[in-house]
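Structure first, commentary second.
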Amino acid sequence: MLKARIITGLILASLVLAGLFWLNTAGVAALLAVVIAIGAFEWAGLCAVQGARRVLYVLFILGLCGLSVFLPVRAVLIPGVVWWVYAMWDLVVRADGRTGLWRHPGTELLIGVLVLVPAWRACVALKAWNPARPEWLFMLLFLVWAADTVAYFVGRAFGRRRLAPKVSPGKTIEGAAGGLAGAALLVFAWTMAAGYSGGMAVRTAAFAALVAAFSVAGDLVESKGKRLRGVKDSGRLLPGHGGMLDRIDALTAAAPVFVLGIRWLVGDRS
């Protein structure tokens, strides 16, 4: 399983990075729309929506993504961030997610909107800021992948205490802490190598840890959906990873937080 996971991850990373640098903003938006469409299809399945209604839900999500480009970026991202703050409190602090919010198909489908649409808009905004050199979008992907990878290996080696046992029994506090520290250190090294000042590198590293913390919420929300549905993976599209949601769950939470935080790092880009 680990071998399949690594091979699939390398192929995906190569395709994403190629598209990131070779495609223009419209091309990246279209590529991400395909990813979001697959994610919406899988999310609808986790909500027990099947048949024509499942396809309609995918079209609804894509329609909202299209409409979102006519709104200020912050107007789309802030509702998403508010949702992720609530999700962290419900699934990590309360550690169960026992509210009726998770039991009603209508609210579950609404959660899918808050999960998928702001993430798409955030990534497109990052590409649009500097189409020729999408360094901030690259940094977002890099820190999410780094946090996930470090958390996986630290958790396997040292994980003892469960982070949210009623939601995702395999995720540990040690693994999550390792992911946050790993993301911060790697982004710090990246910013220093890119020629930024030491103060900027420290701020960026601290911000990377915050974004990595939210990425954990993305993983937990999808785990909650799978747990309610009684399935291990959101789909079977990606060998070693499961479905598309299994691969982008952390990114969906990290992306809107990252974009809003850019104002703190480099100024208002609205």
Qualifying position, being part of a helix (DSSP H, G or I) and either touching a strand residue (DSSP E or B) at 6+ places or on another chain (Cβ under 9 Å) or surrounded by 14 or more Cβ atoms within 10 Å (Cβ to Cβ) (or both), among 80, 66: 80
Residue satisfying condition, being hydrophobic (A, V, I, L, M, F, W, C), surrounded by 12 or more Cβ atoms within 10 Å (Cβ to Cβ) and without any contact (Cβ under 8 Å) to a residue 12 or more places away in the chain, within set 18, 26: 26
Total residues in region 238-270, condition of a type in the set (Val, Ile, Thr), within 24 Å of residue 197 (Cα to Cα) and modelled with pLDDT of 75 or more: 3
Single residue of region 86-128 satisfying the filter (farther than 19 Å from residue 43 by Cβ and either at pLDDT 90 or above or among the β-branched types (Val, Ile, Thr) (or both)) that is surrounded by the most Cβ atoms within 10 Å (Cβ to Cβ): 126
Count of region 236-264 residues which are on the phi > 0 side of the Ramachandran plot and surrounded by 18 or more Cβ atoms within 10 Å (Cβ to Cβ): 1
Where a residue in region 249-266 is more than 25 Å from residue 223 (Cα to Cα) and its partner, wherever it lies, is polar (S, T, N, Q), with Cβ under 8 Å and at least six apart: 263/270; 265/204
Leading residue by the ranking (modelled with the highest pLDDT) among those in region 193-203 that are under 25 Å from the mean Cα position of the chain (by Cα) and over 23 Å from residue 151 (Cβ atoms): 200
Residues satisfying the stated conditions in region 192-221, i.e. aliphatic (A, V, I, L, M), out of contact with any strand residue (DSSP E or B) (no Cβ under 8 Å at 6 or more places or on another chain), surrounded by 24 or more Cβ atoms within 10 Å (Cβ to Cβ) and closer than 13 Å to residue 176 by Cα: 211, 212, 217
Filter pass, residue 220 being touching a Ser or Thr at 6+ places or on another chain (Cβ under 7 Å) and assigned to a helix (DSSP H, G or I): yes
Which numbered condition residue 233 fails, given (1) surrounded by fewer than 23 Cβ atoms within 10 Å (Cβ to Cβ); (2) touching an Asp or Glu at 6+ places or on another chain (Cβ under 8 Å); (3) touching a residue at least 24 places away in the same chain (Cβ under 8 Å); (4) of a type in the set (D, E, K, R): (3)
Residue that is modelled with the lowest pLDDT [pool: residues in region 173-191 that are crowded, with 19+ Cβ neighbours inside 10 Å and touching a Leu at 6+ places or on another chain (Cβ under 6 Å)]: 187
Matching residues, region 39-54, being surrounded by fewer than 19 Cβ atoms within 10 Å (Cβ to Cβ), of a type in the set (A, V, I, L, M) and in contact (Cβ under 8 Å) with a residue 12 or more places away in the chain: 48
Search result, residues across region 156-169 that are closer than 22 Å to residue 231 by Cβ, touching a strand residue (DSSP E or B) at 6+ places or on another chain (Cβ under 7 Å) and either loosely packed, with under 14 Cβ neighbours inside 10 Å or touching a residue at least 24 places away in the same chain (Cβ under 8 Å) (or both): 163, 164, 169
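The values are calculated or read from the model by the stated rules, or taken from the named source; none is laboratory data. Since the model is a prediction, treat every value here as computed from it, not as a measurement. Every residue, glycine among them, receives a Cβ derived from its backbone with ideal geometry; neighbour counts consider all protein chains shown.
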